[in-house]
1. Does residue 85 meet the test of being under 19 Å from the mean Cα position of the chain (by Cα), buried (at least 20 other Cβ atoms within 10 Å of the Cβ) and either in a loop (DSSP other than H, G, I, E, B) or not small (Gly, Ala, Ser) (or both)?
2. Within the stretch 96-123, how many residues are among the charged types (D, E, K, R) and within 20 Å of residue 56 (Cα to Cα)?
3. Name every residue in the stretch 50-65 that is surrounded by 18 or more Cβ atoms within 10 Å (Cβ to Cβ) and either free of Cβ contacts under 8 Å to residues at least 60 places away in the same chain or part of a loop (DSSP other than H, G, I, E, B) (or both), in order of residue number.
4. On the basis of being of a type outside the set (Lys, Arg) and surrounded by fewer than 16 Cβ atoms within 10 Å (Cβ to Cβ), does residue 104 make the cut?
5. Name the residue, out of 35, 68, 56, that is in contact with a Phe, Trp or Tyr (Cβ under 9 Å, 6 or more places away or on another chain), modelled with pLDDT under 90 and within 25 Å of residue 157 (Cβ to Cβ).
6. Return the residue satisfying two criteria in turn: it lies in the stretch 121-155 and is open to solvent by 50 Å² or more (accessible area, probe 1.4 Å) and either assigned to a strand (DSSP E or B) or touching a Cys at 6+ places or on another chain (Cβ under 6 Å) (or both), and of such residues it is farthest from residue 78 (Cα to Cα).
Amino acid sequence: MEAERGRTRWGLVLPFVALPVLVLGFLVLGLFMWAWSDENGDDRSGAAAGVPCAEALAFGGAAPPGEAEVRDCTVQRGIDTAYSAVLRMPREDVRGWLRTTYPDAPEPRTGGGVCGALCLDVTHEDGLPGTPQAHVVQVRVEYENAETARVRFSAFTM
């Protein structure tokens with residue numbers, strides 16, 4: 001018995017081959033969708049999210065100074081975790097707050113440019129207390145006027 005001209009036996013085999021390929025494709029697609037989903041509520045997308053300012057400062061071992069206005073507190077989670085906050089406080093209180101918060105840290109640097117009026121970088125090796133979850137704390141201070149300083153606080157893991 002000869003096959004009809006222009007017709008092969010693949011017409012019978014193709015549905016049996018295509019079905020497992022389609023099922024495998026849907027399984028792989030489902031696996032990727034599951035891996036990228038965020039069902040446990042822990043946002044690891046890298047987008048910044050607002051958090052209570054006490055949480056942001058505590059991550060870096062700090063507490064809000066008494067006369068400070070703390071705002072714009074965020075967290076970004078991904079491979080590492082990074083918290084940030086902006087404080088507006090009396091200019092004369094900045095050094096005292098830094099000294100009280102990080103007593104074993106080096107003196108803040110001065111110098112303008114990227115640093116602003118004052119800079120402080122603290123790690124566990126050079127003055128970060130043992131309790132914070134952060135590995136590094138960076139503080140950048142800019143003087144807004146003769147009385148007020150804007151303090152940019154960031155604490156992050158590495």
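1. Criteria not met by residue 85.
2. Residues flagged as among the charged types (D, E, K, R) and within 20 Å of residue 56 (Cα to Cα) within the stretch 96-123 amount to 2.
3. The answer is 53, 60, 61, 62, 64, 65.
4. yes
5. 68
6. 143
The values are calculated or read from the model by the stated rules, or taken from the named source; none is laboratory data. Just so it is clear, the structure is predicted and the values come from calculations on it, not from any experiment. No Cβ is skipped: glycine too gets one built from the backbone with ideal geometry, and neighbour counts run over all protein chains shown. Accessible surface areas use protein heavy atoms only, side chains included; no ligands, DNA or RNA. Shrake-Rupley method; radii C 1.70, N 1.55, O 1.52, S 1.80 Å.
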